Amino acid sequence: MSTQTLPPPGEFRTTQEIRDANFAARLNRRRRLMFWWSLPVVVIAFLAAVKLISAVIINTAGISAYGNENHNTAAERFGYLDVVNVVEPWKPYFNEGTATYASGDFFGATGPLEDALAQVPTSPEGEPPGEAECAVRTNYSLALEGLGDEAMAAQNPATALDYYSQAQEMLADCAQNPDAPQETQDADERQQESQDEAQEQHEQQQQEQQNGQGDPEDDDTGDPDEQQNGQEDDDQNGQPEDEDEDERDGGGQEEDRDPREEELEERNREAQQEREQQEQQEGGGDGSGQNW
């Protein structure tokens with residue numbers, strides 16, 4: 001039981017005034033508590049609203065850039081939505097990969113489309129893929145087809161054959177659906193034709209390599225008799241030419257020699273002759289065979 005304190009002198013209040021004051025104090029305290037309790041919810045709701053509004057704005061800007069064929073800009077703007085979009089998380093990756101594919105970067109498009117395929121809603125096992133999954137698979141197969149076309153342009157049918165096979169495997173379940181879009185069916189037929197062409201060129205290259213390895217005309221060893229005759233001709237013709245070159249080089253060096261070097265060599269020869277004469281007079285040298 002709580003006791004009520006007396007008011008100070010000159011501020012006397014009635015019992016009703018005291019009750020009203022206490023009720024107002026409790027009401028204010030409750031309002032403050034409700035404000036602090038609801039503040040996080042208000043902040044979260046505000047951030048969610050900002051996030052949704054920004055996602056709509058960025059998505060609109062990306063679609064506008066894609067419509068104006070600014071595919072690199074569109075891919076960059078769609079990339080901003082990878083974290084922002086929480087309602088349908090596969091769509092930003094799908095749009096980013098599609099815009100990247102449209103810019104001609106087929107390899108760069110496979111990454112976002114792979115992420116989109118991992119997050120797109122899938123049908124239960126045993127049922128055909130849904131519209132959203134087939135849209136992702138179709139664009140993914142187109143990116144793989146583009147990589148195959150690049151490999152064919154680089155005269156590498158083996159790599160192209162691998163990419164075409166992956167593209168058809170990616171599109172198989174969707175292309176077999178009778179209700180599949182015309183774009184999906186056209187892509188499946190085109191990829192099958194490209195795969196057959198790559199297979200034909202790959203087999204042709206393998207056949208040419210086998211023929212090239214077994215053809216004696218392409219052997220670098222050649223005829224042994226011809227090699228021996230050629231070597232003898234080189235030995236007979238090459239040696240005099242080398243000697244003539246040495247003589248010409250030697251003659252040129254003698255013409256270019258410094259007179260001081262000739263004088264120094266002459267002195268050395270005279271000193272050598274004097275030492276030999278002295279050794280003969282003394283009865284021979286030390287037998288070492290070394291010259292100073």
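The values are calculated or read from the model by the stated rules, or taken from the named source; none is laboratory data. It should be emphasised that the depicted structure is a prediction, and the values quoted were computed from it without experimental measurement. Using ideal geometry, Cβ is built from the backbone for each residue, glycine included, and neighbour counts are taken over all protein chains shown.
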- Message: Can you go through ALA167, ALA116 and tell me which one is within 18 Å of GLN191 (Cα to Cα) and hydrophobic (A, V, I, L, M, F, W, C)?
- Response: ALA167
- Task: Among residues belonging to the range 130-161 that are part of a helix (DSSP H, G or I) and without any contact (Cβ under 8 Å) to a residue 12 or more places away in the chain, point out the one that is farthest from GLU114 (Cα to Cα).
- Result: ALA153
- Message: If I ask for residues that are of a type in the set (Gly, Ala, Ser) and at negative phi, which ones from the range 88-126 would you list?
- Response: GLY97, ALA99, ALA102, SER103, GLY108, ALA109, GLY111, ALA116, ALA118, SER123
- Query: When both residues are 6+ apart or on different chains and their Cβ atoms are under 6 Å apart, which pairs have a first residue that lies in the range 51-76 and is under 18 Å from PRO89 (Cβ atoms), and a second that is assigned to a helix (DSSP H, G or I) and of a type in the set (Phe, Trp, Tyr)?
  - Reply: GLY62/PHE78
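For every residue, the table says whether it meets (1) within 19 Å of ALA102 (Cα to Cα); (2) modelled with pLDDT of 90 or more; (3) among the hydrophobic types (A, V, I, L, M, F, W, C).
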position	(1), (2), (3)
ARG137	yes, yes, no
GLY146	yes, yes, no
ALA158	no, yes, yes
GLN166	no, yes, no
GLU183	yes, no, no
ASP186	yes, no, no
SER194	no, yes, no
GLU200	no, yes, no
ASP233	no, no, no
- Query: So is LEU39 part of a helix (DSSP H, G or I) and touching a Phe, Trp or Tyr at 6+ places or on another chain (Cβ under 7 Å) or not?
  - Reply: no
- When you go through GLN4, GLN16 one by one, which is the residue that is modelled with pLDDT of 70 or more and not charged (D, E, K, R)? GLN16
- Query: Within the range 176-210, can you find the residues that are over 24 Å from ALA151 (Cα atoms) and part of a helix (DSSP H, G or I)?
  - Reply: GLN182
